[in-house]
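Asker: Below you will find the structure I want to go over with you.
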Amino acid sequence: MTATLADLAAQLRIDSIRCTTAAGSGHPSSSMSAADIVAVLFEKYLRFDFQRPHARNNDRFVLSKGHACPVLYSAFKAAGAIDDRELLSLRKLGSRLEGHPNPHVLPLVDVATGSLGQGLAIGVGMALTARMDGLPFRTYVLMGDSETAEGSVWEAFDKASHYQLDNLCAVIDVNRLGQSRETELGWNVEAYVARARAFGWHAIALDGHDLNAIDRAFAEAQAKKGQPTCLVCKTEKGRGYSLIANKDGWHGKPLPEDKAREAIGELGGERNVRIQVAKPDAVKGARQDAAAALTLPTYEAGEKVATRKAYGDALLALGNARPDVVALDAEVSNSTYSDEFHKAHPKRYFEMFIAEQNMVSTAVGMAVLGKKAFVSTFAAFLSRAYDQIRMAAVSNATIHLCGSHAGVSIGEDGPSQMGLEDLSMMRAVSGSTVLYPSDANQTAKLLAQVMECQGITYLRTTREKTPVLYPATEAFPIGGSKVLRHSGDDVATVVAAGITLHEALKAYEQMKREGLTVRVIDLYSVKPVDMKTLHKAARETHGRLVVVEDHWAEGGLTDAVLEAFMGERERLPTVVRLAVTKMPGSGKPAELLSAAGIDAEHIVECVTSLVEGSPRGAARGGTPEWGHTHA
């Protein structure tokens, strides 16, 4: 057993050297420290069908230290999943073997890794999914010691213990050397063990190059009940080649060809070891409820309902209809109203407490295994999980985010609780869908569509109760908008969404009494944006657009509108932005909207000024020359 594993481990080291030398970049030394761990795991413990990488029964392996992917790709080669030619295409344009694992191009991996500190939380989501579905697969997460400095790692340690995930095994490759210096704890493996145990884990310290010790540790982890297990493996970076083994300054540096030949010779020369990774047992898992017809909540026109409440009601309806819907919240479920889902479907609701980074990555782990994952918290608090959201997009994952308590309209809680950056950051996520409903029926209809969207979706909800504007029969296609007020005499267009749409409607009534008519557009789909309707409004309302948003001036609703006119060479509209530009404080919602200059009175003032100050001295209803787009 040991001789075969020793040959496999040596081959993993050699192939890690070969592919990084061929690429001229990469991380051979970090791969070499983990080779023995990967060899034992793949040869003896992993149950995985490489022909069906997404089979429900497969064990899951997450390489959290994604820069060490050469050792993973080398293991794929040993298992016959890729050939040597593909291995040597590492990091080349068009190769499936990117510099960090990426499921966009390589279906053998579930998630993208490389932004360190996220893999264990993803593993928590996978282990929870196995438990939900009554499946016996195990989840293994290989971490580097450097990444344990990230707080998100310990959020995941905490939640894994809280949920008693004995089907989860974390492995820390303690090779002592980080990118620029020795790690915080160096080779103090007992400190890692103590920390893991303090978080409620079963922890084992071992020599990460002793194949028998690794074998025994994985067996112990597999047998442990009621606790997740952490293997703390003392290793050497660059193990197997004396020039770089345990030497600083070799992080992320491939070996030159002459040194690569020397290292391969020291490791005993190239090998052609092939392994048969065992396939999982054919277990069906727990019986899944059949999907039922979706019955969304409905609300009467004029009724006052907060969109955050409509989100909770609609989420419950989705959960009632679809057994694959799961919900996660960060201990604010009585404010986001996801607690309605919790009451009805407690086995599919997961409390992540005040740990937003872990919450998002856990949702990713569930989503890549087929769950429709809905994640809710205050919009402001999603900002701390932005890297996890960004990496979810890189992972090709589909997760559905809801940020409540957006904007200054939340009132007295003050700026620490106000989501004022969320539209900007969510619009910037690759392939994202960003929605900002203005009433309860619209919220429910949009959430039902969100469930079928791919990628990262974001729904922005409002704390305040607002009047229901639309009948329950109204349709709200993603990428659309609603023109709520219009006439042939409109002198400008007011574009708004959410809370400011209601202010725009108040402003419309006030201006109408004064003989001034404007078009009012509900831009509920912020990304993708309704270019056609915006262009038509610009043509028909004298090129005057006023955009009102309960958001910082940068990157929000106005920028989405401006981008709709990108590429236009002539007749660009004049776009005026009313947004939050100064740090708000505490106060009543109406006071804060007024102080920010985004309430009905300020809309009236802006439109009046825009019309009266238009070129050629155009009075109300006049036709100005169109100028360059500006904010």
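The values are calculated or read from the model by the stated rules, or taken from the named source; none is laboratory data. What you see is a predicted model; the values in this text were computed from it and never measured. Cβ atoms come from the backbone with ideal geometry, glycine included; neighbour counts cover every protein chain shown.
Asker: Which ones in segment 152-190 are in a helix (DSSP H, G or I) and in contact with a strand residue (DSSP E or B) (Cβ under 9 Å, 6 or more places away or on another chain)? Don't jump to the end; show me each part of the working.
Answerer: Going through segment 152-190, the residues in a helix (DSSP H, G or I) turn out to be 152-162, 189-190.
Scanning segment 152-190 gives Val153, Ala156, Phe157, Lys159, Ala160, His162, Val189, Glu190.
Asker: Filter segment 165-185 down to residues that are within 26 Å of Gln227 (Cα to Cα), surrounded by fewer than 22 Cβ atoms within 10 Å (Cβ to Cβ) and more than 28 Å from the chain's Cα centre (by Cα), then give me how many there are.
Answerer: Here the count works out to 1.
Asker: Let me ask another. Check whether at least one residue in segment 499-510 is assigned to a strand (DSSP E or B), small (Gly, Ala, Ser) and surrounded by 21 or more Cβ atoms within 10 Å (Cβ to Cβ), and report yes or no. Explain how you work it out, then say what you get.
Answerer: Just the residues of segment 499-510 that are assigned to a strand (DSSP E or B), to begin with: none.
No, every residue in segment 499-510 fails to be assigned to a strand (DSSP E or B), small (Gly, Ala, Ser) and surrounded by 21 or more Cβ atoms within 10 Å (Cβ to Cβ).
Asker: Keeping to segment 486-516, report how many residues are among the small types (Gly, Ala, Ser) and farther than 23 Å from Val408 by Cα.
Answerer: Initially, segment 486-516 is screened for residues among the small types (Gly, Ala, Ser), giving 487-488, 492, 496-498, 504, 507, 515.
Those left that are additionally farther than 23 Å from Val408 by Cα: 487-488, 492, 515.
Residues meeting the conditions: 4.
Asker: Still on this model: For segment 109-145, which residues satisfy the criterion of being of a type in the set (Gly, Ala, Ser) and crowded, with 24+ Cβ neighbours inside 10 Å?
Answerer: Filtering segment 109-145 down to residues of a type in the set (Gly, Ala, Ser) leaves 112, 114-115, 117, 119, 121, 123, 125, 127, 130, 134, 144.
Ala112, Gly117, Gly119, Ala121, Gly123, Gly125, Ala127, Gly144 - these are the residues of segment 109-145 that are of a type in the set (Gly, Ala, Ser) and crowded, with 24+ Cβ neighbours inside 10 Å.
Asker: If you go through segment 556-577 one residue at a time, how many are in a loop (DSSP other than H, G, I, E, B) and not acidic (Asp, Glu)?
Answerer: Looking only at segment 556-577, we keep the residues that are in a loop (DSSP other than H, G, I, E, B), and these are 556, 564-573.
Right, trim to not acidic (Asp, Glu) and you get 556, 564-567, 569, 571-573.
Residues in segment 556-577 being in a loop (DSSP other than H, G, I, E, B) and not acidic (Asp, Glu): 9 in total.
Asker: Just a yes or no: is a residue in segment 354-370 of a type outside the set (Val, Ile, Thr), in a strand (DSSP E or B) and crowded, with 24+ Cβ neighbours inside 10 Å?
Answerer: At the first step, the residues of segment 354-370 found to be of a type outside the set (Val, Ile, Thr) are 355-359, 361, 363, 365-367, 369-370.
Okay, now just the ones that are also in a strand (DSSP E or B), so none.
Within segment 354-370, not a single residue is of a type outside the set (Val, Ile, Thr), in a strand (DSSP E or B) and crowded, with 24+ Cβ neighbours inside 10 Å.
Asker: Provide a single number: the residues in segment 392-413 that are assigned to a strand (DSSP E or B) and not aliphatic (A, V, I, L, M).
Answerer: Within segment 392-413, residues that are assigned to a strand (DSSP E or B) and not aliphatic (A, V, I, L, M) number 4.
Asker: Scan the strands (runs of 3 or more DSSP E) fully inside segment 511-555 and keep the ones with 3 or more residues being at pLDDT 95 or above and closer than 20 Å to Ala475 by Cα.
Answerer: So the answer is 519-522, 525-527.
Asker: Another question, if that's okay. Tell me, yes or no, whether segment 151-158 has at least one residue that is β-branched (Val, Ile, Thr), touching a Gly at 6+ places or on another chain (Cβ under 7 Å) and either within 18 Å of Ala34 (Cβ to Cβ) or free of Cβ contacts under 8 Å to residues at least 24 places away in the same chain (or both). Even if it seems obvious, please write down each step before you answer.
Answerer: Step one: of segment 151-158, the residues β-branched (Val, Ile, Thr) are 153.
Now narrow it down to the ones that are touching a Gly at 6+ places or on another chain (Cβ under 7 Å): 153.
Filter once more, so that each one left must be either within 18 Å of Ala34 (Cβ to Cβ) or free of Cβ contacts under 8 Å to residues at least 24 places away in the same chain (or both): 153.
Within segment 151-158, one or more residues are β-branched (Val, Ile, Thr), touching a Gly at 6+ places or on another chain (Cβ under 7 Å) and either within 18 Å of Ala34 (Cβ to Cβ) or free of Cβ contacts under 8 Å to residues at least 24 places away in the same chain (or both).
Asker: Among the residues of segment 1-39, write down those that are surrounded by 24 or more Cβ atoms within 10 Å (Cβ to Cβ), aliphatic (A, V, I, L, M) and under 20 Å from Lys234 (Cβ atoms).
Answerer: Result: Ala9, Leu12, Met32, Ala34, Ala35, Ile37, Val38, Ala39.
Asker: A further question follows. Is there any pair linking a residue in segment 205-217 that is closer than 14 Å to Glu43 by Cβ and in the same structural domain as Val232 (by TED's automatic domain parsing) to one that is of a type in the set (Asp, Glu) and part of a helix (DSSP H, G or I), with Cβ under 7 Å and at least six apart or on different chains, and which?
Answerer: From segment 205-217, the pairs are Leu211/Asp36; Ile214/Asp36.
Asker: Out of the residues in segment 296-321 meeting the condition of being in contact with a helix residue (DSSP H, G or I) (Cβ under 6 Å, 6 or more places away or on another chain) and not in a helix (DSSP H, G or I), tell me which one is surrounded by the most Cβ atoms within 10 Å (Cβ to Cβ).
Answerer: Selected residue: Tyr299.
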